[in-house]
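> First the structure, then my questions, so here it is.
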Amino acid sequence: MGFYDSVYKMGLLLCDRDGGLKPMDAEQLRECAHEMVDFIADYYKNIESFPVLSQVQPGYLRELLPDSAPACPESLQDVLDDVQNKILPGVTHWQSPEYFAYFPSNSSVAGFLGEMLSAGINMVGFSWITSPAATELEMIVLDWLAKALNLPDEFLSQGKGGGVIQGTASEAVLVVLLAARDKVLRRVGKDAIGKLVAYSSDQTHSALLKACKIAGIHSENCRVLKTDASSEYALSPESLSEAISQDIASGLIPFFLCATVRKLGKCWYYIINSCGSSASTGKISNSNGLWLHVDAAYAGSACICPEFRHYIDGVEEANSFNMNAHKWFLTNFDCSALWVKDRSALIQSLSTNPEFLQNKVSFSRQHGCGFQRLASPLRTQVQAYIRNHIELARKFEEFVKLDPRFEVAARRNFSLVCFRLLPTDQNNLESANRLNHELLDAVNSTGKLFISHTVLSNKYVLRFAVGAPLTEERHVVAAWTTLQEKASELLRNSQDSSAVV
Ligand SMILES: Cc1ncc(COP(=O)(O)O)c(C=O)c1O
């Protein structure tokens, strides 16, 4: 909304020169765009001077902006002053080198310029004829990326499969869930929708449950199978097989499995390999019509490095595969790459083919988006970039291991370290959780770094994900120093208060 207001002002400014409405005046664009690029370049130059996590309070912006949109045009400089003084304080700086929360959301010069080009041309590619280059380049680039990831040929567009760009991994799982649902309903009849069952682990992203809601899959038919530390939070093939058998015995229809290649590694790998025999006899993926979707939203980028490719060994068993280029692949948000082996399933489910979309080359495609943005970063040294982040995360993990007050809470995979501060009374889970929650708040409120948390086996665990494009070793060292300082303060305070008691 804040940005909207500012952008609205900009709209007035750009429309009003010479008193006439000429929205895309090339010279005016040149002049203003230079000013804007300068502003953005300065933002990156000074990015370390901002608190990584915005420190404003809810509702702060209403105090700063007028009640209604300005009636008179303002200069671009006025607008940029507003952005500097009113908007940036309310921004959490995902591109800051001290950003270690959730998963990264990369930008890059190539990604940024691609985004600019895309905005400049501003085409809408919902059908081949609406911009042939959009459809064709999207298919070509996704084939390149599939080859770079060494995906099976069935995912390439020359055969029955192919890739399509979605906005997010959440959209990708929704799209394939709909395709899987309709595919099975074509076989068993649409009235059976209440019998369809989807499977995932408790480590699967909540996007799946949302997708199930949208797709009309009853929440009681969503099996969220428990995982634990003994299998490194991988979905157990036994519990999956057991759940499937029970559901079949109850007259239900298993139809979808979402397997995650995620923060904790081989979540799905175990399923494929341990169930390899049943998968190959068709028990899991074929005769039951179970659609296997592999969600590698974060980890997929790392699989472009040959040494990490084994994390998706077995992907040939999957019906669909997804990775977020906007996470760790130097591509601006939002750009999520989805591949399917059978694109006709997607098309049958999602095509409407109204008359206005009929043309001499009515490509049978689900609509994709955002082609240029992915094209540019593909040509950069992504492998070295990813390896560097993983090495920085390994260093951070070493720091944690060397400090006996902390523990690494789960095996590190890729560039995510899960760790926690150990309380004096290690048997008291509640106080351990409270302590780590306090540590999280304490470090984040310094503005010097931003980390997030998760819960593993009831333990409140801190997450340190390296992946911001500008992060260097010095930032990791500084973050660890802040964590140690705040931990010392908290432990001292907790000792003082127990002494008082
Ligand atoms: C494994 C996994 N799946 C899905 C998502 C959701 O991604 P998006 O925001 O692109 O929908 C995430 C986000 O972190 C994720 O890690």
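Each value in this text was obtained by applying a stated rule to the coordinates, not by laboratory testing. Remember, it's a predicted structure, so these values are computed and weren't measured experimentally. Don't worry about glycine lacking a Cβ; one is built from the backbone with ideal geometry, like all the others, and counts go over all protein chains shown.
> Efficiency by 1/(1 + (r/R0)^6): what FRET value for ALA33 and GLU316, r their Cβ-Cβ distance, R0 = 35 Å, to the nearest 0.05?
Working: r = 46 Å, r/R0 = 1.32.
Using R0 = 35 Å, I get an efficiency of 0.15.
> Can you tell me, using C-alpha contacts under 8 Å and at least 6 residues apart, the relative contact order of region 393-441 as a whole percent? Working shown, then result.
Numbers: 50 pairs, mean separation 12.7, N = 49.
So the answer I get is 26 percent.
> Evaluate the distance, in nm, between pseudo-label points positioned 7 Å from the Cα of ASN428 and of ALA41 along their respective Cα→Cβ axes.
Placing both labels 7 Å beyond Cα along the Cβ direction yields 5.6 nm.
> Please report TRP144, TRP339 as a ranked list, fewest other C-beta atoms within 10 angstrom at the top and most at the bottom. Can you show the working numbers first?
Numbers: TRP144 16, TRP339 30.
The order, fewest Cβ neighbours first, is TRP144, TRP339.
> Does a label point 7 Å from the Cα of ALA249, set along Cα-to-beta-carbon, have any residues of region 197-236 with amide nitrogen under 18 Å, and which are they?
Residues passing the 18 Å test: 197, 223.
> Taking the simple approach of a point 7 Å from Cα along Cα-to-Cβ for both ARG309 and SER344, what is their distance in nm?
It is 3.0 nm.
> With 17 Å as the cut-off, how large is the P(r) tail for region 382-500, expressed as percent of Cα-Cα pairs?
54 percent
> So between ARG387 and VAL56, what do we pick up on full extension, going 0.36 nm a residue minus the alpha carbon distance? Mind dumping the intermediate values first?
Details: separation 331, 0.36 × 331 = 119.16 nm, distance 3.49 nm.
Extending this stretch completely gives an extra 115.7 nm.
> According to the square roots a ≥ b ≥ c of the eigenvalues of the Cα gyration tensor, what is the shape class of region 74-128, taking rounded for a/c under 1.5, prolate for a/b larger than b/c otherwise, and oblate for the remainder? Don't skip to the end; give the middle numbers.
Details: a/c = 2.57, a/b = 1.20, b/c = 2.14.
It is oblate, given that a/c is not under 1.5 and a/b is not larger than b/c.
> May I pose another question? Go ahead and run the numbers for FRET between VAL124 and ASP153, Cβ-Cβ distance against an R0 of 25 Å, rounding to 0.05. Please list the in-between numbers first.
Details: r = 31 Å, r/R0 = 1.25.
Computed FRET efficiency for VAL124 and ASP153 comes out at 0.20.
> Here's something else I'd like to know. What order do you get for HIS93, HIS293, HIS389 when you list them from fewest to most C-beta neighbours inside 10 Å? Write out the running numbers ahead of the final one.
Values: HIS93 20, HIS293 28, HIS389 23.
Fewest-to-most Cβ neighbours within 10 Å comes out as HIS93, HIS389, HIS293.
> Ok, one more. Fewest Cβ neighbours within 10 Å first, please rank GLU316, GLU238, GLU438 accordingly. Kindly include the intermediate steps, with their values, before the conclusion.
Details: GLU316 14, GLU238 11, GLU438 17.
Starting with the residue having the fewest Cβ neighbours, the order is GLU238, GLU316, GLU438.
> Related question: Which shape class, rounded, prolate or oblate, goes with region 19-67 when its Cα gyration tensor gives a ≥ b ≥ c as root eigenvalues, a/c under 1.5 marks rounded, and past that a/b bigger than b/c marks prolate? Mind dumping the intermediate values first?
Working: a/c = 5.18, a/b = 1.47, b/c = 3.53.
Judged from the Cα gyration tensor, region 19-67 comes out oblate (a/c at least 1.5, b/c at or above a/b).
> Right, another one. Points 7 angstrom from Cα along the Cβ direction at GLU242 and SER351: gap in nanometres?
4.4 nm
> Dividing the alpha-carbon radius of gyration of region 33-107 by 2.2 N^0.38 Å (N being the number of residues), what value is obtained?
Details: Rg = 14.2 Å, N = 75, 2.2 N^0.38 = 11.3 Å.
So the Cα radius of gyration is 1.25 times the expected 2.2 N^0.38 Å.
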